[in-house]
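*Asks:* Take this structure, written in structure tokens, and hold onto it; I'll ask about it next.
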Amino acid sequence: MDLKEVTKDSKEIFKGRILRLRVDTVELPDGSQGTREIVEHNGAVAIIALDDEGRLKMVRQYRKAAEMIMLEIPAGTLETGEDPLDCARRELEEETGLKARHWEKILSYYSAPGFCNEVLHLYLARDLYPGEKNPDEDEFLELVDITLEQAYHMIFQGQICDGKSIIGIQYAYYRMERT
């Protein structure tokens, strides 16, 4: 059976600064019709930034959608047409005041493909050195240094609970345990 859904109509419902919402009418594999609510997003980057002592650079910030202060790895939204690595470099410096000499692409993944087209690009940044912290004017961040082992255990204690951070920390912990 062909599982593909064919878009028959698409209506933009909302267009904001970082996302768009559309409703698509689709033909389903059995020939019937359905609707899909789709959030369009330019994509994002997230950075596993490890210093020479193996400490992870994280940021604490209030997340309105979750109504809580969260501890996360640095991350940010891609500008239209921006290269993900360029975005990762920019976001690391803006949020932490650090730059990195070594960058490694880890993976790219869909954050929530059931309703959103956002692709998140995950990078490892090493050999850190001072840059210039410059968060967005509506972004209030606190820089947190934490050992990778502490961060790993905080996932299972529910203290780190966003997907990008969980994936990044688990990747880094697994990798460092193997080297």
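The values are calculated or read from the model by the stated rules, or taken from the named source; none is laboratory data. Note that the structure is a prediction, hence the values are computed from the model and not measured. Neighbour counts are summed over all protein chains in view; Cβ atoms, including those assigned to glycine, are modelled from backbone coordinates with ideal geometry.
*Asks:* Going residue by residue through segment 57-79, is there one that turns out to be at negative phi, among the basic types (Lys, Arg) and crowded, with 21+ Cβ neighbours inside 10 Å?
*Replies:* The answer is yes, given that some residue of segment 57-79 is at negative phi, among the basic types (Lys, Arg) and crowded, with 21+ Cβ neighbours inside 10 Å.
*Asks:* Yes or no: Glu139 at pLDDT below 95 and either aliphatic (A, V, I, L, M) or outside the structural domain of Thr35 (by TED's automatic domain parsing) (or both)?
*Replies:* The answer is yes for Glu139.
*Asks:* Can you pull out every residue in segment 107-123 that is in contact with a Leu (Cβ under 7 Å, 6 or more places away or on another chain) and farther than 14 Å from Leu85 by Cβ?
*Replies:* Tyr109, Ser111
*Asks:* Let me ask you something else. Against the conditions (1) among the hydrophobic types (A, V, I, L, M, F, W, C); (2) exposed (fewer than 12 other Cβ atoms within 10 Å of the Cβ); (3) within 15 Å of the chain's Cα centre (by Cα), where does Ile48 fall short? Just the number, please.
*Replies:* All conditions pass for Ile48, except number (2).
*Asks:* Might you check whether a residue that is small (Gly, Ala, Ser), farther than 15 Å from Glu139 by Cβ and in contact (Cβ under 8 Å) with a residue 60 or more places away in the chain occurs anywhere in segment 51-58?
*Replies:* Yes, some residue in segment 51-58 is small (Gly, Ala, Ser), farther than 15 Å from Glu139 by Cβ and in contact (Cβ under 8 Å) with a residue 60 or more places away in the chain.
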